[in-house]
Amino acid sequence: MKIESQNVTDYPNSNTIFMVWRLVDDPKLKEIFQQLSALVLNLNNSVFNRFPDSRASCVMGIGHNAWKILELPTPLPKELVNFEEIRGDKHTAVSTPGDLHFHLRADDKSIIFDMAIEISKLLTPVAESILEIHGFKYWDDRSILGFVDGTENPHNEDRDFFAKIGDEDLQYKGGSYLFTQKYLHNINAWRSLSVEEQEKVIGRSKENDIEMSDDVKPSNSHIALANIEGENGEELKIVRDNMPFGSPSMGEFGTYFISYASTFSTTKKMLTNMFIGDPPGNHDRILDFSTAVTGTLFFIPTKNMLDDFSG
Ligand code: HEM
């Protein structure tokens, strides 16, 4: 049978809603989860048919505790655990709870707003919403810090290769590991830097998004620490779909970091480099202006699995 993944390799769109829910103990939980799995498949089919050009999709992720509570298949996906915080000398990648994650994308916000309504209607009796973020495309895919975000993401077959589980975990082939962090930025401190200083934090030029050459790129710049290789020098990548969010009048400026990966250990290695540093102590300068207030790992089952879950 053909394995169909959820839309983990879709590109970021103009509008995104992220939602995280915590399940409560309720006798109807399993029955509602069955209906939810069917709803996710239906929402995708429906928008694909009604608005084929909108690049709209809904991706559902499931956390480690939820997998157990819902008695989903065993053994679990090999790397599905509760994310353990990563504590550096100065900054910590915190671990926060989350049972279900929704990543809703479309060019027109109306589409995802209605998807969020349908999901919320179904889940409210058996779950509590613990996060909802409305992200938006900022200029030419810039993060709220003003730098283009997503440039070195994999494309084409590489996108599938780095985002989806392959033969290493046959039972979960086509699935993916989703890791998310909500970051809040100290925008005043960031704005007090000159453009040249900001460029040294990221490792790329601000206006034209050009990578600095290795002889000038600081070793604590974001891209120096996030760019990693495997033991045999092979490239290790993840598919990032970060979105900016914020409320200027309230001084809130944020990045919702979101990544899909065939293996969580790649994402974890990047986080370790950023928060602990490489060598330890040489942490990512971006963290001096960005605080991770959440950190949660989810598993993305294939559409075939959602079909099984729907009973
Ligand atoms: C690159 C922003 C967090 C992994 C970049 C770039 C920007 C950026 C502007 C350069 C352009 C690009 O290639 O995309 C941010 C912001 C973050 C954040 C604003 C949150 C405050 C993270 C985290 C990870 C990560 C938590 C990994 C766990 C990467 C990777 C690259 C990158 C792998 C490409 C490095 C390369 O090969 O050049 N990020 N990022 N980022 N980021 Fe982040």
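Out of all the residues in the stretch 278-311, which are touching a Gly at 6+ places or on another chain (Cβ under 7 Å) and more than 26 Å from S176 (Cα to Cα)? The one that is touching a Gly at 6+ places or on another chain (Cβ under 7 Å) and more than 26 Å from S176 (Cα to Cα): H283. Tell me whether the stretch 241-249 contains one or more residues that are part of a loop (DSSP other than H, G, I, E, B), farther than 17 Å from V81 by Cα and more than 13 Å from the chain's Cα centre (by Cα). Scanning the stretch 241-249, I find no residue that is part of a loop (DSSP other than H, G, I, E, B), farther than 17 Å from V81 by Cα and more than 13 Å from the chain's Cα centre (by Cα), so the answer is no.
Evaluate the following for E231: is it modelled with pLDDT under 95 and within 13 Å of the ligand (Cβ to nearest atom)? No; evaluated as a whole, the condition is false for this residue.
Yes or no, residue by residue, for (1) basic (K, R); (2) crowded, with 20+ Cβ neighbours inside 10 Å; (3) touching a Leu at 6+ places or on another chain (Cβ under 6 Å); (4) at pLDDT below 95:
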{"site": "F48", "(1), (2), (3), (4)": "no, no, no, no"}
{"site": "G63", "(1), (2), (3), (4)": "no, yes, no, no"}
{"site": "L70", "(1), (2), (3), (4)": "no, no, no, no"}
{"site": "K78", "(1), (2), (3), (4)": "yes, no, no, no"}
{"site": "G98", "(1), (2), (3), (4)": "no, yes, no, no"}
{"site": "L104", "(1), (2), (3), (4)": "no, yes, no, no"}
{"site": "D108", "(1), (2), (3), (4)": "no, no, no, no"}
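Residue pairs whose Cβ atoms lie under 8 Å apart, sitting 6 or more positions apart in sequence or on different chains, and linking a residue in the stretch 216-241 that is over 24 Å from V8 (Cα atoms) to a partner that is within 10 Å of the ligand (Cβ to nearest atom) and of a type in the set (K, R), are A224/K217. Note on the stretch 280-311: residues that are crowded, with 21+ Cβ neighbours inside 10 Å, of a type in the set (A, V, I, L, M) and not in a helix (DSSP H, G or I) amount to 3.
Within the stretch 149-171, track down each residue that is under 30 Å from L193 (Cα atoms) and surrounded by fewer than 18 Cβ atoms within 10 Å (Cβ to Cβ).
Answer for the stretch 149-171, where residues must be under 30 Å from L193 (Cα atoms) and surrounded by fewer than 18 Cβ atoms within 10 Å (Cβ to Cβ): G150, T151, E152.
Annotation note: of E71, E79, E118, the sole residue that is out of contact with any strand residue (DSSP E or B) (no Cβ under 7 Å at 6 or more places or on another chain) and in a loop (DSSP other than H, G, I, E, B) is E71. The residues of the stretch 8-38 that are among the β-branched types (V, I, T), crowded, with 16+ Cβ neighbours inside 10 Å and over 19 Å from N242 (Cα atoms) amount to a single one, I32.
Just name the residue that is farthest from the ligand (Cβ to nearest atom) out of those in the stretch 150-183 that are polar (S, T, N, Q) and touching a residue at least 40 places away in the same chain (Cβ under 8 Å).
Q171
Does E197 satisfy being within 9 Å of the ligand (Cβ to nearest atom) and surrounded by fewer than 16 Cβ atoms within 10 Å (Cβ to Cβ)? Outline the logic, then answer.
Working: within 9 Å of the ligand (Cβ to nearest atom): no; surrounded by fewer than 16 Cβ atoms within 10 Å (Cβ to Cβ): yes.
No.
This table checks each residue for (1) under 24 Å from the mean Cα position of the chain (by Cα); (2) surrounded by 16 or more Cβ atoms within 10 Å (Cβ to Cβ); (3) more than 9 Å from the ligand (Cβ to nearest atom).
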site	(1), (2), (3)
S192	no, no, yes
K206	yes, yes, yes
D215	no, no, yes
P218	no, yes, yes
I238	yes, yes, no
M274	yes, yes, no
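The values are calculated or read from the model by the stated rules, or taken from the named source; none is laboratory data. Being a predicted model, the structure only gives us computed values, none of them experimental. A quick note on method: Cβ atoms are made from the backbone with ideal geometry, for glycine too, and the neighbour counts reach across all protein chains shown.
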